[in-house]
Amino acid sequence: MKLKFEDIVSQLKKGNFAQVYFMVGEEPWFADYITDYIAKHAIKEEEKAFNQTILYGRDITAMDIVHEARRYPMMAPRQVVIVKEAQNIKDFDPLATYLEAPAPTTILVINYRAKFDQRTKTWKALNKKEFITLETKKLYDNQVGPWINDYLTKMGLNIEPKANVMLVDHLGTKLSNIVKALDKLKVAVGKDVKIITPKHVEDYIGISKDFNNFELQNAIIRGDVVKANQIVRIFGQNPNEYPMVLTIGVLFHFFRKLLVYIVTPDKSDRNIASVLGIPPFFVKDYRAAARRFNWQKSRQVISLLREYDLRSKGFNNNSASDGDLLQELVFKIMH
């Protein structure tokens, strides 16, 4: 039975545990959260020594899982068997037989950190009973900002748009990194703070509110050559903290959306926000950019970004550093 992550968590918090959880996909945070919750709450602490087993796919076979799952709990009403890194198991067919008649006293949790072949006997068996399956995908870039908003809202916090963008640019799409940073912010700002600001992000996460990809993008939009050069110089001096590939990615996504903005007839804030998948707060940036970059110039910028992305990876570039390349790239974009 396929359920959304939120629905699974809701059932767990009500104390409703299924016999089998089979979680697949490329974004492990969701599966890790569910696994940790079950490990912590499914059985009592004093029962875990004999009734909670953790297995790793690289060390076992599917038949080993079956043997563990069929074992009776010791002095407890049930046991928990957790399988991590299950994608390393070559043949899952033996598990299909277990799924036809699972042990009623076992909660089996399997984490498979990849795509799973849904044509297999195991997958078909999973969907015959009231087992829980969860498929996860990595977040796209435009999904991270809203996800951060939702996560903070659940903790009773809001975040200013610029602070949100700073986190997205710096942390990327890996949820484990994002959650770690957000939890750190929650503790650091204290109970009295309800809105995360760029200053909070700078102070507690270590991201400069003045020198980041968001500010570079804004300098380019405004035509502020001095500010853009300041930021590029800082980036060039700290390539590990400000990788060029990330900067190119941020600018590429912006100018690709700018092309969509230019050809969209209805340029109202509400419609543009919907079409581009951005908060209404940022529509003004595209409106300002369109005054400096028309359709032809925007396409030229995208071509430049592709060219310098290749050069930063060694194509047609024998000696220039990433800092030199970025300085050259920004100059060409702005002139």
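Looking only at residues that are open to solvent by 80 Å² or more (accessible area, probe 1.4 Å) and in contact (Cβ under 8 Å) with a residue 40 or more places away in the chain in region 314-335, which one is nearest to residue 259 (Cα to Cα)? Spell out the reasoning first.
Keep residues of region 314-335 that are open to solvent by 80 Å² or more (accessible area, probe 1.4 Å), which gives 315-316, 318-319, 324, 327, 331, 335.
Next cut, in contact (Cβ under 8 Å) with a residue 40 or more places away in the chain only: 324, 327.
On the way: 324: 27, 327: 24 Å.
Step by step, filter region 314-335, then rank; the result is 327.
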Worksheet item: Going through region 31-44 one residue at a time, which ones are open to solvent by 20 Å² or more (accessible area, probe 1.4 Å) and farther than 14 Å from residue 110 by Cβ?
Response: 33, 36, 37, 40, 41, 44
Worksheet entry | Checklist (1) outside any loop (DSSP other than H, G, I, E, B); (2) of a type in the set (D, E, K, R); (3) within 27 Å of residue 216 (Cα to Cα) applied to residue 135, failing item | (3)
Practice prompt. Look at region 267-283 and say how many of its residues are touching a helix residue (DSSP H, G or I) at 6+ places or on another chain (Cβ under 8 Å) and either without any contact (Cβ under 8 Å) to a residue 24 or more places away in the chain or open to solvent by 60 Å² or more (accessible area, probe 1.4 Å) (or both).
Written response: 11
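Please go through region 247-266 and pick out each residue that is touching a residue at least 24 places away in the same chain (Cβ under 8 Å), of a type in the set (A, V, I, L, M, F, W, C) and more than 18 Å from residue 213 (Cα to Cα). Explain how you work it out, then say what you get.
Within region 247-266, the subset touching a residue at least 24 places away in the same chain (Cβ under 8 Å) is 247-259, 261-263.
Next, only the ones that are of a type in the set (A, V, I, L, M, F, W, C) stay: 248, 250-252, 254-255, 258-259, 262-263.
Scanning region 247-266 gives 259, 262, 263.
The values are calculated or read from the model by the stated rules, or taken from the named source; none is laboratory data. As the structure is a computational prediction, the values presented were derived from the model and not from experiment. We place every Cβ from the backbone using ideal geometry, glycine too, and count neighbours over all the protein chains shown. When the accessible area is computed, the model is the full protein with side chains, heavy atoms only, and any ligands, DNA or RNA have been set aside. Shrake-Rupley method; radii C 1.70, N 1.55, O 1.52, S 1.80 Å.
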